[in-house]
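**Q** Attaching a single structure in structure tokens format; questions to follow.
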Amino acid sequence: MKMRTAFSLRKILMCALWIAFQHAAFAHTGPPFPILKDQPVGPAIVTVWANPDVGGGPFFVMLDPRDGKPVPADMKVRIGIQPVSGRLPEKVYDAPREVLAGQVQYKVVLPFDREERWHIHVLLSSATGGSGEAATDVDVTPTGYGRWDLMLYSLPFLAIGALWFKAVSNRRKDRKVSRPPS
């Protein structure tokens, strides 16, 4: 009976831990992810990767040639952001050009003041190759728990280690009890 109670308590504890960490699992605190993929815009195919976090989120705009024509060298990329709620007007930021291993990329860190859904507006313009626009919405997430991240993320591993240690200790106790005295 004692063993059944301990097993039930462990089940309850594991379920409680699983439920407690559900909210943290939905927040994105890792590397950038695609928010716009292979979208034909003006003279280029646009892909946007981002990690939109409160405070500041990096946005990477990659341009690939369209219709066999190279991306114009004077291409300018600007990104406009605005909360979907409309509580702020749209602000537009220039993204500086970077050339990485033959890939044309533009990078900018955009400031977000609140966790909510934001409208992202990508603007391409070139004097020689045309212009275009693309838009999408993205959820801005909290940045994490700061210094407590390591402790928080290590808790499941520590719990598994504690359960393993408890099982090994119980097994040793059982062996000592089951041995007949010599």
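The values are calculated or read from the model by the stated rules, or taken from the named source; none is laboratory data. What you see is a predicted model, and the numbers here were worked out from it, not measured in a lab. Please note: Cβ atoms are built from the backbone with ideal geometry, for glycine as well, and neighbour counts cover all protein chains shown.
**Q** For Val77, only one of the following conditions fails: (1) farther than 17 Å from Gly132 by Cβ; (2) among the β-branched types (Val, Ile, Thr); (3) more than 22 Å from the chain's Cα centre (by Cα). What is its number?
**A** (1)
**Q** Let me ask something else about it. Could you list, in sequence order, all residues of region 69-99 that are hydrophobic (A, V, I, L, M, F, W, C), part of a strand (DSSP E or B) and touching a residue at least 40 places away in the same chain (Cβ under 8 Å)?
**A** Within region 69-99, Val77, Ile79, Ile81 qualify.
**Q** All but one of (1) of a type in the set (Val, Ile, Thr); (2) free of Cβ contacts under 8 Å to residues at least 12 places away in the same chain; (3) within 20 Å of Val140 (Cβ to Cβ) hold for Val109, so report the exception by its number.
**A** (2)
**Q** Can I ask one more? Answer with yes or no whether Thr128 is more than 20 Å from the chain's Cα centre (by Cα) and of a type in the set (S, T, N, Q).
**A** yes
**Q** Right, something else. Suppose we filter Leu155, Leu163 for residues that are among the aliphatic types (A, V, I, L, M) and at pLDDT below 90; which single one remains?
**A** Leu155
**Q** Quick check on my filter: what residues within region 49-77 are buried (at least 16 other Cβ atoms within 10 Å of the Cβ) and under 15 Å from Leu36 (Cα atoms)?
**A** Trp49, Ala50, Asn51, Pro52, Phe59, Phe60, Val61, Met62, Leu63, Val77
**Q** Any idea which of (1) at pLDDT 80 or above; (2) over 30 Å from Gln39 (Cβ atoms) is the one Arg175 doesn't satisfy?
**A** (1)
**Q** If only one of Val92, Val109, Val138, Val99 is within 30 Å of Asp64 (Cα to Cα) and at pLDDT below 80, which one is it?
**A** Val99
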